[in-house]
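Report on the structure given below.
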Amino acid sequence: MAEMDTSSSGGGKKHGGTKSKKQSTRVDMTPMVDLGFLLITFFMLTTTMSKPKTMDLIMPKDTKDEKEQNKVKESTALTILLGKDNRVYYYEGLAQDPNASANPDFFKASSFANKGGIRDEIIKKRDEVAKLRNAKGEPEDVVVIIKADDDATYANFVDILDEMAINRIQRYATVDISDQDKTWIKQTEAANGVK
């Protein structure tokens, strides 16, 4: 609050000349300091609360040497394909055998539903693989391979990454979809009457 001091200088004697008034201004800075500390406190609290939450993504090193590449066992792999209109397809293994599609139960369709959806299949495969043992006698980890079709949405891709975090899948990879996978998606959609 600003105040003005308009008191006259001098004693009680009157001089014959003009009276000079001494004016002094005093600005009280206490409210300004309080406001400054409130703003500092507010911004300190809001910046610590609004930290972005991101998922750590560890990428393997890029190498052409076959011996240095990560190998995935057929028995521990689950391949998930993301299609159009929130459709999810999956099969167990890597499907490197072109005759694998001869088995009618090989390629399956699913959804992002909480009950009976892709989450249940991931949990089932994770528990099944956890019973297997490697050469050292340690339990194996399931490896999920994610392939997105050209018609898949980013939302579905983020949803499947969320499923990896929710189900505590430690090893997963995103790879390009193959022509064979696209063919299987089209055949499954045609068999189910999907356009």
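The values are calculated or read from the model by the stated rules, or taken from the named source; none is laboratory data. These figures come from a predicted structure and were not determined experimentally. Don't worry about glycine lacking a Cβ; one is built from the backbone with ideal geometry, like all the others, and counts go over all protein chains shown.
Data overview
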{"quantity": "Selection count, segment 136-195, where residues are in contact with a Leu (Cβ under 8 Å, 6 or more places away or on another chain), among the charged types (D, E, K, R) and part of a helix (DSSP H, G or I)", "calculated": "1"}
{"quantity": "Residue selected from segment 115-174 under the condition farther than 18 Å from residue 81 by Cα and within 20 Å of the chain's Cα centre (by Cα), by the criterion modelled with the lowest pLDDT", "calculated": "170"}
{"quantity": "Residue that is surrounded by 13 or more Cβ atoms within 10 Å (Cβ to Cβ) and not hydrophobic (A, V, I, L, M, F, W, C), where the choices are 156, 192", "calculated": "156"}
